[in-house]
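Enquirer: Have a look at this one before I ask anything.
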Amino acid sequence: MGVRMTGTIYRVAGPVVMIEKLQAKMFDVVRVGREKLIGEVIQISPAYHTVQVYEDTSGIRPGEPVENTGQPLTVELGPGLLKSIYDGIQRPLPDLQKEMGDFIARGAFPQRLDKTKKWAFKPLVKKGDAVREGQVIGVVQETKTVQHKVMVPPGLSGTIQDIKTGQFTVVDTVATLDNGRKIHMMQEWPIRIPRRVGKRMVPDAPLITGQRVLDALFPIAKGGTAAAPGPFGAGKTVIQQQLAKWADTDVVVYIGCGERGNEMTEVLTEFPELKDPKTGNPLMERTVLIANTSNMPVAAREASIYTGITIAEYYRDMGYHIALMADSTSRWAEAMREISSRLEEMPGEEGYPAYLSTRLAEFYERAGRVISLGGDEGSISIIGAVSPPGGDLSEPVTQATLRVVKTFWSLDAKLAQRRHFPSINWLNSYSLYTETLAGWYAQHVAPEWADVVGRAMAILQEEEKLQEIVQLVGSDALPDKEKLTLETARMIREFFLQQNAYHDVDTYSDLGKSFLMLKTILGFHTQAVQKLATGTPVGAILATKARNGIADAKFEKDHVKVLEKAGREMQQELEKL
Amino acid sequence: MSDAQPMQGLNVKEYRTINRVEGPLVFVTKTHPIGYNEIVKIRLASGEMRLGQVLDTATDSVVVQVFEGTSGIDNQATARFLGDVIRLKVSKDMLGRVLNGRGDPIDGGPAIIPEDELDITGASINPYSRGPPRDFIQTGISTIDVMNTLVRGQKLPIFSGSGLPHNDIALQIARQAKVLSASENFAVVFAAMGITYEESKKFMTNFEETGAIERVVAFLNLANDPAVERLITPRMALTAAEYLAFKHDMHVLVILTDMTNYCESLRQIASAREEIPGRRGYPGYMYTDLATLYERAGMIKGKKGSVTQIPILTMVGDDITHPIPDLTGYITEGQVVLSRELHRKGVFPPVDVLPSLSRLMNQGIGKEKTREDHKQVSDQLYAAYAEGRDLRGLVAIVGEESLSPADRKLLAFAEAFEKQFVRQTSQENRAITDSLELSWKLLSALPEEGLTRISKDFRAKYLKKQGA
C-alpha cells in the first residue's frame, strides 16, 4: 500500500466533489467523507482536486476528511469472476444485498473476489522452468464450462523455485520465483489501461450468432466490432441478449450500462436456466454480468464499461474468445457528458465533451484478435448498443461510433412496429468483414455461400426500388417478372430474415440451416423465372402453396426434412403448370 | 434506505445571510459545514415558512432551491439548515388521504402519525434483489391486454397529446386492473404534477364514486402550486408506494401525471443555475434524473408487494422524438401511444398500437398465464394492421379498385380492427379471453395462408371455432 494522504472537502455538487490540501495523482482512488465513499480524482488545479464520487453524496459536507489510497481504480482478476454479477466498480451485487438489504445504500465495499473460497490448482510448469509475464503456470476448473488459466502476473518473470498443487484461495501463494517473488491466483489491473498483448492480428473467422440476418448478411468477425443503433423499442436489448446467449465464444461479458433494472433481472433469471448450445451447460457458467442500472450512480456507470473490458481482456489473455456486449454505450457517453458539465468543461457537440470520440475509439480499439503474452490466440468482439435520441443517427455518439466500428446493424422502428424481428434494416446495415470472411464461409459451410447471399441481397435491393413504383401506380401495373421478384423478396423477409427469439427452435439457427433455407427460397425464384419464360402467367405461379412449407422449417428441429419436402413439392407444383 | 435520525438542536443552524436570489435559487453565505441535499427552512420577514434543499455546498456558501418559490424573500429572511435530507412521514393510515405536493395533508383530516420517516430520494433496488415481473394484469382494455400487456412491477407510460383522453384511460386502468386468480391487496398512489384543478377533481371524484378512495393516496401539486415543488412530488409519491409495497405487502399502482410538467420544472432549475443546456434546453442529466423516478418500480425477491407505474406525459406538438417522451421511452418498459387521428374518428381509447409496446409482455402471457395462442395472435394482429394501414396510403393514390382481393381484405381488416377491437367504452371491462376471441373473429376474415405468424396447430384449434 502506498502512503496514505488526506485532504478536506471544499465543495459538493452532486457526484462532483472538490477537495483541498490533497496530494494525489490523476485517477487515484480516494475515500470521501466520514462514510468513505469511493471516488476518483479527475481534475487537478492549483487549489483543488476534483473527484467524481461513485455513490450518492447526499448529506456529505464541506470540511469532512478525504483519504487518498494512492492507487488507480483497479479490478481484481482471478477465479470466481464467472457467474458473478457486479456493479460498475466490481462490487458483487449479492454481497451488497447481504450487507445492506434490497436497496443499495452507500459506503460499503465488500471483497470483489471471494478471498475465502478454495480452488483446486493444478500446476502446468515445474521447478526450474523459466517463466515470463503472461505465461500460464497452472489451471483451475472455474466453472463446468471454463478452465481458468493462472498466468504469471504483469511485470514478473524468472525461474520457478517452488510450485504447489492442491486447494488454495486466490490470495494464497501458489508459486515462488527464484527472485523471491510470490505468485497468487489473483492479480489486479487498472481499468483505464489496456492489458498488454504479444501481437495483434487481423480477424479471420466469423462470430457465429445463430441469428440468420447477422450470420448471412451482416457478419461480425471474432475480434471484430459492431454497433447496433436504434430508437427505443426497436429491439436493441433483445439482439444483445440473443448474442450473449448464442454467440460461439468461450466467455461472455455483459455490461448493462445505465439500462433497466427489470432487464437485468430477466438476464439473471434466464441465464442460469438456458443451455449453452456448445457444451450443454447453463449459460451462466461462461458469463460475467455487470449491472449498473440507470438509477445507480452515474460515475460508476462511466467506469462500468472499463471494468467490463478489463475482465474481458483478462480471459482473452488465457487464449479464449470473448464476446462483450455493452448496452448501452449512449448511456456511457451521457455519463461522461454529465460529469464533464459538472466540471464546467467547454462542451463539444450537443453538450458532449470534446474527447467523446477519442474515448469511444479507445474503447472499441480494445477489441481484436491477438496472440497473448503467453503465446495463446484469443479475441474480444465488442457489440455496442447505441440509443440515439429520437432515433436520429446523425447525433454525435452514433457518428463517433460508426467511425470506428466495422459492422453496423441498423435497427429500424418501422420494422419493429410490424413485429419484424430482429428489426435490422437490410438496406442500411453493413459489414466490412463480408469479404474477409468469404473464404471461411466457403470452406466451412458451402462454396456457393457468398453467391447465394449476394443474390438474396440483390433481390432485396430490387424490391426497394420496385416498392417505390408500387407506391405510385399499384402492384398490378408491374410486369410479371417484377411481381415475382416482389414475392421472392417477401419470402426472404418473412421466412428467412424474421426470426423468433422466443421460440425454442427458431431462437438459434445454425449456419447449415440458414444456408439451406436461403438456397431453397432462391431455388423457387430460379425455377419460377424459368417457368415465366415459357409463358406461364405469374398469377398461376403465385397461387402455388408448397413454398409456404419453408416458413414451417423455422420451427422444426428436423429442418432438413421439411426444407427438402418443401423444395420437392415446389418443383412438382411448378412443373404441373 | 439510511435511517440516521436528524439530531435536532445539535445540527440545526440558522443564518440571516442570504446575499443573492435568482429565480427559484437562494444563495446563502455561511460558516458551518452544510450537507449536500440537506433540507432548509426559509423564514420570511412576515413569518411565513418556505421549504428548500441544498443543491451545491462549499466551505463558505450554499445554493438552495426553494420549492415554494422565492417571491417575498429578501436579505432579512433567515435560512435554517436542518441537518437532514427531505423525508416523508409514512404510515398505513395514508390510504384514503389527500396530501399536497410536499406531503402535508390538505383534506382537513388529522396529521398523519408516522410509522417511519423515509428519505424521499430513495435508494436504487439492487438488481440482484429484483424479482422478475411476470404476473399478468388484466386492464379490461383489449389493445393493452392483447397487444401491450401490462405486468406487475412494470413501468408503462401513456404517451398522449394535449386534448386526448389519457386521464380517462388511466382511470379505467386503475378501476379495472386485476390479476387473474390472485387475492387483492391493492392500492393506488396518485401524484398530480401541475395539472389543473378540474383535472384533479375528475380523478378524485372518480375515486370517490367508485369507492376506491379508501385505497388511494393522492399527492396533489396543481397548476397554480409552486413549479419547483413538482420536483419532489413524484419522489414523495414513490416513497409512499415503496413503503406500502415492501413494508405492507400491497400491490401498488402509481399514476404520475403529467411528467411533462415535471420536466419543465427540471429545466427551469437548470437554467436558473446557468447549467449548459442539452437538447431543447433540457439539462443533460435529465435521463439520469427521470431514471431515478421510473426505476422505482418493480418487485423484490421474497417480498409480496409490488410497485407498478403508469406515468402519463403529453407529447409537445405530438412529437414522439421530443426529449421528454424520447428519454422516457428509453427507461420505461414500453409505452402506450395515443393517436389524435383515432380520437378524431371517435375511437375510445385512441390507442395507436403500432408505436405502442410492452417489453415485459412475453414474460406475462402464454399458457397458464393468459392463453397459449396469445403471443402469436398479437404478432398477427400487428402485422395485418400494419399492412392494412400501409394500404390506406396506397388507396389514396390509386383507388381501391386497383387493389388485389387479398389487399382489399387487409384494408377491411384495418377498419374493423379499429372499430371493434380498439374501440370500447370507458365502462367496458373485457376479459382477456373475450379479447382473444374477438381477435380470432377479426382475423378469420383474412385468407388463412396469410396468417403466417400463427402456427398450424393454433389455426386449427382456434380459427375453426369461428366458422362453427
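Enquirer: Mind checking the angle between helix A:449-473 and chain A's longest principal axis? C-alpha axes, 0 to 90 degrees, to the nearest 10.
Expert: With rounding to tens, the tilt is 70 degrees.
Enquirer: Now for a different question. Taking trypsin sites (Lys or Arg not before Pro) as exposed when DSSP calls them loop (any state but H, G, I, E, B) and at most 15 other Cβ atoms lie within 10 Å, what is the longest stretch of chain B free of them, the sites themselves excluded?
Expert: B:17-300
Enquirer: Shifting gears a bit: Can you compute 3J(HN,Hα) from phi for each residue in region A:479-490, using the Karplus curve 6.51 cos²θ - 1.76 cosθ + 1.60 with θ = phi - 60°, rounded to whole Hz and x for Gly and Pro?
Expert: So the Karplus estimates, Gly and Pro as x, are x, 4, 4, 5, 4, 5, 4, 4, 5, 4, 4, 4 Hz.
Enquirer: Rule-of-thumb check for chain B: C-alpha Rg over 2.2 N^0.38 Å?
Expert: Chain B yields a ratio of 1.10.
Enquirer: Probe radius 1.4 Å, ligands and nucleic acids ignored: give me the carbon and sulfur share of the accessible area of region B:13-85 as a rounded percent.
Expert: 49
Enquirer: With 23 Å as the cut-off, how large is the P(r) tail for region B:374-466, expressed as percent of Cα-Cα pairs?
Expert: 26
Enquirer: Return the Rg/Rh ratio of chain A with Cα-based radii and a Kirkwood Rh.
Expert: 1.04
Enquirer: Let me ask something else. Using θ = phi - 60° and the Karplus relation 6.51 cos²θ - 1.76 cosθ + 1.60, list the HN-Hα couplings for region B:214-219 in order, rounded to whole Hz, with x at every Gly or Pro.
Expert: Result, rounded to whole Hz: 4, 10, 10, 10, 10, 10.
Enquirer: Taking amide H positions as placed in the peptide plane 1.01 Å from N, state which residues far from A:D162 in sequence (5 or more) or on other chains have amide H under 5 Å from it.
Expert: Here A:T176 satisfy the definition.
Enquirer: Tell me, what is the per residue accessible area of region B:13-85 in Å², probe radius 1.4 Å?
Expert: Value for region B:13-85: 38 Å² per residue.
Enquirer: Here is a follow-up. Non-local amide H neighbours of A:Q71 (under 5 Å, H modeled in plane, Pro and chain starts lacking H): which ones?
Expert: Correct list: A:V29.
Enquirer: For Cα pairs less than 8 Å apart in space and 6+ apart in sequence, what is the mean separation divided by the residue count of chain A, i.e. the relative contact order in percent?
Expert: 13
Enquirer: Separate question: Taking a probe of 1.4 Å and counting only protein heavy atoms, give the total accessible area buried between chains B and A in Å², rounded to the nearest 100.
Expert: Using a 1.4 Å probe, the pair buries roughly 6400 Å².
Enquirer: Calculate the mean, over all residues of peptide B:372-382, of how many other protein chain Cβ atoms lie within 10 angstrom of the residue's Cβ.
Expert: What the average comes to for B:372-382 is 2.
Enquirer: Share of Cα-Cα pairs in the protein assembly as shown beyond 44 Å, in percent?
Expert: 39
Enquirer: Mind pulling the angle between the C-alpha long axis of helix B:197-209 and the longest principal axis of chain B? Nearest 10 degrees, somewhere in 0 to 90.
Expert: Taking the Cα atoms of chain B, the angle to B:197-209 is about 70 degrees.
Enquirer: For helix B:166-176, report the angle its Cα long axis makes with the longest principal axis of the Cα atoms of chain B; keep it between 0 and 90° and round to the nearest 10°.
Expert: 80
Enquirer: Just the number, please: carbon plus sulfur as a percent of the accessible area of region A:445-576, 1.4 Å probe, no ligands or DNA/RNA counted.
Expert: Using a 1.4 Å probe with all protein chains present, region A:445-576 comes out at 53 percent carbon and sulfur.
Enquirer: Hull surface divided by four, with the convex hull built on the Cα atoms of region A:445-576: how many nm²?
Expert: The Cα convex hull of region A:445-576, projected and averaged over all directions, gives 8.4 nm².
Enquirer: For region A:200-430, what are Rg and Dmax over the alpha carbons, in angstrom?
Expert: 16.8, 52
Enquirer: Under 1.5 on a/c is rounded, so check that first for region B:309-430, then, if it is not, pick prolate when a/b is larger than b/c and oblate when it is not; a ≥ b ≥ c are the square roots of the alpha carbon gyration tensor eigenvalues.
Expert: Oblate.
Enquirer: At 4 °C and 1.567 mPa s, grab the translational diffusion coefficient of region A:338-463 from Stokes-Einstein with a Kirkwood Rh over Cα pairs, rounded to a whole number in µm² per second.
Expert: For the chosen part, D equals 73 µm²/s.
Enquirer: Mind checking the alpha-carbon convex hull of region A:271-375 and giving the volume per residue in Å³?
Expert: It comes to 126 Å³ per residue, whole-number rounded.
Enquirer: Then there is this: Compute the Rg/Rh shape ratio of region B:196-265: radius of gyration over Kirkwood radius, all on alpha-carbon atoms.
Expert: Expressed as Rg/Rh, it is 0.99.
Enquirer: When all alpha-carbon pairs of region B:88-364 are counted, what percent fall beyond 33 Å?
Expert: Distances greater than 33 Å cover 15 percent of the Cα pairs.
Enquirer: Then there's this: Hey, can you grab everything whose amide H is under 5 Å from the amide H of A:W119? Only 5+ residues off in sequence or another chain; H modelled, so Pro and N-termini drop out.
Expert: A:F168, A:T169
Enquirer: Also: Could you sort the residues of region B:120-157 by number and keep only those whose accessible area is reduced by 50 Å² or more in the all-protein-chain setting relative to the chain alone, 1.4 Å probe?
Expert: B:S124, B:N126, B:P127, B:Y128, B:R130
Enquirer: Using a Förster radius of 51 Å, what is the FRET efficiency between B:L180 and A:E350 based on their Cβ-Cβ separation? Nearest 0.05, please.
Expert: FRET efficiency, B:L180 to A:E350: 0.65.
Enquirer: Right, next: For region A:113-189, what is the convex hull volume of the alpha-carbon atoms per residue, in Å³?
Expert: Per residue, the Cα convex hull of region A:113-189 comes to 85 Å³.
Enquirer: Something else about it: Roughly speaking, to the nearest percent, how much of region A:113-189's 1.4 Å accessible area is carbon and sulfur?
Expert: Using a 1.4 Å probe with all protein chains present, region A:113-189 comes out at 48 percent carbon and sulfur.
Enquirer: Here's a follow-up. Rounded, prolate or oblate, given the Cα gyration tensor of region B:258-343, with a/c below 1.5 counting as rounded?
Expert: oblate
Enquirer: How about region A:211-287: which GluC sites (Glu not before Pro) there are in a DSSP loop, with at most 16 other Cβ atoms within 10 Å of their Cβ?
Expert: Sparse-neighbourhood loop GluC sites (Glu not before Pro): A:E273.
Enquirer: Let me ask something else about it. About the Cα centre of region A:328-371, what is the dipole size in debye to 20, counting +1 per Lys and Arg Cβ and -1 per Asp and Glu Cβ, all else neutral?
Expert: The dipole magnitude comes to about 280 debye.
Enquirer: From Cα pairs below 8 angstrom and at least 6 apart in sequence, can you work out the relative contact order of region A:349-467, rounded to a whole percent?
Expert: With pairs under 8 Å counted, the relative contact order is 16 percent.
Enquirer: Enter the per residue convex hull volume of region A:415-460, computed from alpha-carbon coordinates, in Å³ rounded to the nearest integer.
Expert: Convex hull of Cα atoms, per residue: 89 Å³.
Enquirer: With every protein chain left in place, what is the accessible area per residue of region B:374-466 in square angstrom, probe 1.4 Å?
Expert: 45
Enquirer: Quick one: what are the phi-derived ³J(HN,Hα) couplings along region B:235-252, Karplus 6.51/-1.76/1.60 with θ = phi - 60°, whole Hz, x for glycine and proline?
Expert: Calculated HN-Hα couplings, in order: 5, 4, 4, 6, 5, 4, 4, 4, 5, 5, 6, 9, 9, 10, 6, 9, 8, 9 Hz.
Enquirer: Rolling a 1.4 angstrom probe over the protein heavy atoms, how many square angstrom per residue are accessible across chain A?
Expert: 36
Enquirer: Using a Cα-Cα cut-off of under 29 Å, which lysines could be cross-linked to A:K182, ignoring same-chain neighbours fewer than 8 residues away?
Expert: A:K25, A:K83, A:K115, A:K117, A:K118, A:K122, A:K126, A:K127, A:K144, A:K149, A:K164, A:K199
Enquirer: Give me the base-10 log of I(q)/I(0) for region A:142-241 at each q in 0.19 Å⁻¹, Debye formula, one uniform scatterer per Cα, rounded to two decimals.
Expert: -1.06
Enquirer: Ordering A:H444, B:H343, A:H49 by accessible area with a probe of 1.4 Å, largest first, what comes out?
Expert: Most to least solvent-accessible, the answer reads A:H444, B:H343, A:H49.
Enquirer: Relative contact order for region A:249-323: what percent, with Cα pairs under 8 Å and sequence separation of 6 or more?
Expert: Once divided by the residue count of region A:249-323, the mean separation gives 48 percent.
Enquirer: Something else about it: Compare each residue of region B:305-339 in its chain alone against the assembly with all protein chains, and report those whose accessible area goes down by 50 Å² or more; 1.4 Å probe, heavy atoms.
Expert: B:Y330
Enquirer: Kindly work out what percent of the DSSP beta bridges joining two residues of the protein assembly as shown are antiparallel, to the nearest 5.
Expert: Roughly 65 percent of the DSSP beta bridges within the protein assembly as shown come out antiparallel.
The values are calculated or read from the model by the stated rules, or taken from the named source; none is laboratory data. All figures in this text were calculated on a predicted structure; none of them were measured in a lab. Every residue, glycine as well, gets a Cβ built from its backbone with ideal geometry; the counts of neighbours run over all protein chains shown. For the accessible areas, the whole protein counts, side chains as well, though only heavy atoms, and no ligand, DNA or RNA atoms are used. Shrake-Rupley method; radii C 1.70, N 1.55, O 1.52, S 1.80 Å.
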